[in-house]
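Only one structure is covered here, and it is reproduced in the block below.
The numbers here are math on the coordinates, done by the rules we state, and not lab data. Nothing here was measured: the structure is a model prediction, and the numbers come from that model. Cβ: placed from backbone, ideal geometry, glycine included. Neighbour counts: every protein chain shown.
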Amino acid sequence: MPSENYATAIVAGFNQSKKCIRSGRAELVYLAFDSENRISSEITSLCESFDVKLDTSKTKSELGALCGIEVDCAVCAFLK
């Protein structure tokens, strides 16, 4: 979980997270370890390419709760 040094702005969802990674606005990305292979491979590749920290320690259910939404979430990004 982000420390006090991280911004509180969170973007939830695959497409919005990809936009934030590509634009350089993402500082930390959470990728659920139980997400689909297609999502996992694309987000992992983007984070490596754009040098964004990636955490894969949580489930989709845990990420949904972290984002404050009532549904599962495969990926979310904490913004700079």
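Summary table below
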{"quantity": "Residues of the range 55-80 that turn out to be within 12 Å of residue 35 (Cα to Cα) and in a loop (DSSP other than H, G, I, E, B), as a count", "calculated": "7"}
{"quantity": "Matching residues in the range 11-54 - criterion: being buried (at least 16 other Cβ atoms within 10 Å of the Cβ) and in a strand (DSSP E or B)", "calculated": "11, 12, 26, 27, 28, 29, 30, 31, 54"}
{"quantity": "Scope the range 29-50; condition closer than 17 Å to residue 60 by Cβ and either of a type in the set (Ser, Thr, Tyr) or in contact with a Lys or Arg (Cβ under 8 Å, 6 or more places away or on another chain) (or both); matching residues", "calculated": "29, 30, 32, 33, 34, 35, 40, 41, 42, 43, 44"}
